[in-house]
Amino acid sequence: MASLIDTYLDDLSRHLSHDPALARRMRAEIADHFAEALGECPSEAEMRRIIARMGPARAIAAALAADGASRQVDRTWVILLVALIATFIAMRLRSLWLPPLATDGALAGFAAPLIDRWAFVAAIAAAVAGYWVMRPSPAAPLLALAALCASVAAGMLRIALAADWSAAPLAVAAATVGECALVGLLLAQILALCRRRRQAARLSAD
């Protein structure tokens, strides 16, 4: 029959099953703490006392999940900032390389640059407003991501319509690839944030 300590550790691992690495690490740390405090042959009363002092496994898991969600918020906003900077650099490099807008034709000369520029402005506005108003929420990064996707797509469309990708300077090509990669990374971070928030909310629920 499993001891009270084993049952407690199993309960903790179950609550942290969404993050196997964290579950293994916390199980090992708490098991070591119990072993140091109890010795080799603890009585049932001693095990109950130390478990009571440690607190419910669900409460520990909830605190860890909330901390993980908080760290994910920080990572998401850092990646969003980097993506905004990279997109701005890519826009400037495209503007310096591509011919004047009047020579691009109706679509490339009007719609694509307009979307490229104002979608980027919208991404900045969503990021700034979201950071101050609803920073822990993924809503603002999602809005900024959608605007960045529109800006990147419009920039790539303008290159396709007004120039030849094979003639693009290395700096322009590298900046475009970089901004696309960062947009993908931002999407992954936002999805991770949504997942961690759900996990924290589930564990903190009564």
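The values are calculated or read from the model by the stated rules, or taken from the named source; none is laboratory data. All values derive from a computational prediction rather than experimental measurement. FYI the Cβ positions are ideal-geometry reconstructions off the backbone, even for glycines, and counts take in every protein chain you see. Accessible surface is based on the protein model in full, side chains and every heavy atom, while ligands, DNA and RNA are left aside. Shrake-Rupley method; radii C 1.70, N 1.55, O 1.52, S 1.80 Å.
In whole angstrom, how far apart do the alpha carbon centroids of segment 6-23 and segment 27-90 sit?
Segment 6-23 and segment 27-90 have Cα centres separated by 11 Å.
Could you work out the relative contact order of segment 68-204, using alpha carbon pairs under 8 angstrom and six or more residues apart, expressed as a whole percent?
Relative CO of segment 68-204 lands at 41 percent.
Counting Lys +1, Arg +1, Asp -1, Glu -1, what net charge surrounds GLU46 among other residues with beta carbon under 14 Å of its beta carbon? Numbers along the way, then the final one.
Numbers: positive: ARG48, ARG49, ARG53; negative: GLU36, GLU40, GLU44.
Once positives and negatives cancel, what remains is 0.
Grab the alpha carbons of segment 2-55, take their convex hull, and tell me the volume per residue in Å³.
Normalising the Cα hull of segment 2-55 by residue number yields 69 Å³.
Hey, what angle do you get for helix 170-204 against the long axis of the chain, alpha-carbon based, 0 to 90 degrees rounded to 10?
30 degrees
To the nearest 10 square angstrom, what accessible area does ASP10 show with a 1.4 Å probe?
Looks like 80 Å² after rounding.
Considering only protein heavy atoms, with the full assembly of protein chains and a 1.4 angstrom probe, order LEU186, LEU161 by accessible area, largest first.
Working: LEU186 0, LEU161 85 Å².
So, going from the largest accessible area down, we get LEU161, LEU186.
Can you give the Rg/Rh ratio of the chain, where Rg is from the C-alpha atoms and Rh is the Kirkwood radius?
Dividing the radius of gyration by the Kirkwood radius yields 1.25.
Give me the accessible area of VAL121, 1.4 Å probe, in Å² rounded to the nearest 10.
The value for VAL121 is about 60 Å².
Show ARG24, ARG75 ordered by accessible area, largest first, where the area counts protein heavy atoms only and the probe is 1.4 Å.
ARG24, ARG75
For PHE34, PHE88, write out the residues from largest to smallest accessible area, computed with a 1.4 angstrom probe and no ligands counted.
So, going from the largest accessible area down, we get PHE88, PHE34.
Within the set of other residues whose C-beta is less than 11 Å from the C-beta of ALA90, count the net charge using Lys and Arg as +1 and Asp and Glu as -1.
0
Could you state the accessible area per residue of segment 68-204 in Å², with a 1.4 Å probe and every protein chain left in place?
Dividing the accessible area of segment 68-204 by its residue count gives 50 Å².
Considering only protein heavy atoms, what is the solvent-accessible area of ILE50 at a probe of 1.4 Å, reported in Å² to the nearest 10?
Its accessible surface works out to 10 Å², give or take rounding.
Efficiency by 1/(1 + (r/R0)^6): what FRET value for SER204 and PHE88, r their Cβ-Cβ distance, R0 = 30 Å, to the nearest 0.05?
E between SER204 and PHE88, to the nearest 0.05, is 0.20.
May I ask for the net charge around GLN189, where only other residues with Cβ less than 12 Å from the Cβ of GLN189 are counted and Lys, Arg are +1 while Asp, Glu are -1?
Net charge around GLN189: +3.
Output ³J(HN,Hα) for segment 124-132: one whole-Hz value per residue in order, computed from phi by the Karplus curve 6.51 cos²θ - 1.76 cosθ + 1.60 with θ = phi - 60°, and x for Gly and Pro.
5, 4, 5, 5, 5, 5, x, 5, 8
Could you tell me what percent of the accessible area of the chain is made up of carbon and sulfur, with a 1.4 Å probe and every protein chain present?
Working: 7530 of 11270 Å².
That fraction is 67 percent.
Relative to the compact-globule scaling 2.2 N^0.38 Å, provide the ratio for the alpha-carbon radius of gyration of segment 135-182. Mind showing how you got there, number by number?
Numbers: Rg = 13.4 Å, N = 48, 2.2 N^0.38 = 9.6 Å.
Normalised Rg, Cα atoms only: 1.40.
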